[in-house]
Structure formats: C-alpha cells, structure tokens
1. At q = 0.16, 0.22, 0.26, 0.30 Å⁻¹, what base-10 log of I(q)/I(0) does the Debye formula yield for the stretch 196-252 when every alpha carbon is treated as an equal point scatterer in vacuo?
2. Please build a GNM for the chain, connecting alpha carbons under 10 Å apart, and tell me which residue among 190, 240, 50 fluctuates the most.
3. Please report the relative contact order for the chain, taking Cα pairs under 8 Å with a sequence separation of at least 6, and give it as a percent rounded to a whole number.
4. Tell me, in nm to one decimal, what length is gained between residue 62 and residue 105 on full extension, where the rule is 0.36 nm per residue of separation less the Cα-Cα distance?
5. Counting only helical runs of four or more DSSP H residues, what would the 222 nm mean residue ellipticity of the chain come to if each run contributes -39,500 (n - 2.57) and the total is spread over all its residues?
6. In whole percent, what relative contact order does the stretch 1-145 give with Cα contacts below 8 Å and a gap of six or more residues?
7. Mind running the shape call on the stretch 38-128? Use the C-alpha gyration tensor, a ≥ b ≥ c as the square roots of the eigenvalues: rounded below 1.5 for a/c, prolate if a/b tops b/c, oblate otherwise.
8. Return the FRET efficiency for the residue pair residue 235, residue 258: r is the Cβ-Cβ distance, R0 is 30 Å, and the value is rounded to the nearest 0.05.
Ligand code: KIV
Ligand code: NA
C-alpha cells in the first residue's frame, strides 16, 4: 500500500471499507500485525507503553527513529507512519523538515504524523511540498497535556468543537493525507469527517470516521487501566502472568528442563 492509496480511502459514511491502523513499536510486533492492517503507526505512545514514562513529552527523535526502523523491517504490506516527538517540529517548518527527514532517512518509514491544527498548517504544507507525507492529529492531542490539563474528551463546548473542525480543515488544505481524530464526541467526528477531503482515522471518536486506530497493547489487554474508548480484545497480561508463574514453579521444583530440552553427549 502507498500513501496516495490511503489518501483516497474516504468512506462516505457506510459504503467504503474503513482504514485499519494499529500502533507497532518492534519488528516482531509489526510482522504479526502487518497483513491485517492498512497502516502501522510508530506512535510516541511508546513513551508510556515501552519506556514507562509518565507522558509522551520526554520521547526523543532517537527513540522514534530506532523503533520506526524496527517496524519497517517487520512490515511488507502496511504503510508505516512515525510520530514526530514533542519538541522536534513545533519551533518552525525548517526544524520540522530536518526532524522528519531524519526520521524517514534513518527508518525507511513512509511518512510522519504530527499533532496540532491550524498552527501547524504551514509546516504541513512545507513538508508535503518537499516530499514528506504528513498525517495530522486533532482533538485530544497528548503532547499538549500540560496545556489541556489532562486526557479528557475534547469538543464538548461549541467553541472547542468549531476549533477542532477548523483545525482539521486547515490540515486538509495544507495537504495532510489523513487526520487522526482523538477523544471527541460523535457529532464532532461526523462534522470533521464531512469537512475534510482526506480520510479521518478515529480513536475515541465514534464509528463515523473513515478508519480506526488503537494502541495495540491496549486492545490486547496488556494494561489493567485503559481509556474508555479501548475495547480489550484479549487479556494478554493475565495470560503472560499465568504462563510465567508456571515457568517459575517448574524451575523451582526442578521439573523444567526435562530430557527433551537437554543436550546429550554423543554416544
Ligand atoms: O502515539 C500514538 O499511539 C498515537 C495514536 C494512538 C493515534 O498517536
Ligand atoms: Na502519538
């Protein structure tokens, strides 16, 4: 799949097939997800998910570049998009180009994602004009947690709702090939999706977007506490705990390893 093909995947409500996106941070994870997805996102959520950081704010370009390279090595079909981390693009369009070019050159990813709306439109146009596909991200933008004051749903009042729609339009006009819409009430997801020519990819943004994305570890049930918009398709944390407990018991009672797992001397 290619970025221009993704760009055309507007669903017009119920007719078209929604885009499927999941996060991936490692090569093996990418291999397992690749065939089932249209897009793999190397999200800066890896700050919390992989590194145990309190937010995405401390995530660095080097971290993103290394994980993106691993994901590209594990994927063959999906379009791999890498998040631009906080502080790597906001100062200006030149800074953004340098950071984005570094990410794509070092990792082989197909494009970048950055947070913010109208304030980022000029930067988006600058990158797109220079060969870097950009995915936008509006609504709940986690890199702005210190300004927003938390991770609550956005657009509950009219002023904020209008701002989210005009932000999305500005990104669309600037040439973004898709826009993540995070943590907004359903009417805003509908309005934004109608207002832009590129596909919207929702997370906590109802079924009305042109695609959906989740953090893979969240939907696999790797964490006890997840946002309300996550559906846990599995309880992998419990299964890992049970499996490791069995291993620990067998080691302690010397029932692992058995002769099956033991090298024998030549007879
Ligand atoms: O970092 C991330 O995982 C994201 C998605 C959840 C949209 O930005
Ligand atoms: Na992100």
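Values in this text are rule-based calculations from the coordinates and carry no lab data. Just so we're clear, the structure is a prediction, and the values are computed from it rather than from any experiment. Ideal geometry is used to build each Cβ from the backbone, glycine not excepted, and the neighbour counts take in all protein chains shown.
1. -0.60, -0.84, -0.98, -1.11
2. 240
3. Result for the chain is 17 percent.
4. Details: separation 43, 0.36 × 43 = 15.48 nm, distance 1.23 nm.
Additional length available on full extension: 14.3 nm.
5. -12000 deg cm²/dmol
6. The value is 21 percent.
7. Values: a/c = 1.78, a/b = 1.20, b/c = 1.48.
Since a/c reaches 1.5 but b/c is at least a/b, the shape of the stretch 38-128 is classed as oblate.
8. The value I calculate is 0.55.
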